[in-house]
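Below is one structure, written out as structure tokens; the observations come after it.
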């Protein structure tokens, strides 16, 4: 991309240095600005690549994500089964207690 300096700056240079020297200085400024722009673009591209590499190292892949979900699902199923067994055990004990209470009440009233 061609960069040109504003006409106001060129006129100021022409007044101070003369027409030929002003052209040379303006040309040197334009080349310098183009060089700076190219270096900036190269730096930006390099930074983008560095950030992309860093993010790819930090973020999980799809396979890792679904593997972790599968592991969590298995853990949850095991926990649910454990709680279910515990609940059945306590329900059975409650029923035995209810039956014992009913038998005690029936004996008390001698049915």
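A few notes on this one:
- Expected 222 nm ellipticity per residue - DSSP helices of 4 or more, -39500 (n - 2.57), all of the chain, to 500: -32500 deg cm²/dmol
- Looking at the chain, the pairs of alpha carbons with a distance over 20 Å make up 75% of the total.
- Per the Debye calculation on the stretch 1-59 with a single equal scatterer at every Cα and no solvent contribution, log₁₀ I(q)/I(0) for q = 0.14, 0.20, 0.25, 0.28 Å⁻¹ amounts to -0.54, -0.75, -0.92, -1.02.
- Our estimate of slack between residue 47 and residue 76, defined as 0.36 nm per intervening residue step minus the Cα-Cα distance, is 6.2 nm.
Each reported figure results from applying straightforward, stated rules to the coordinates on display, with no laboratory input. Computed from a predicted model, the values in this text were never measured in an experiment.
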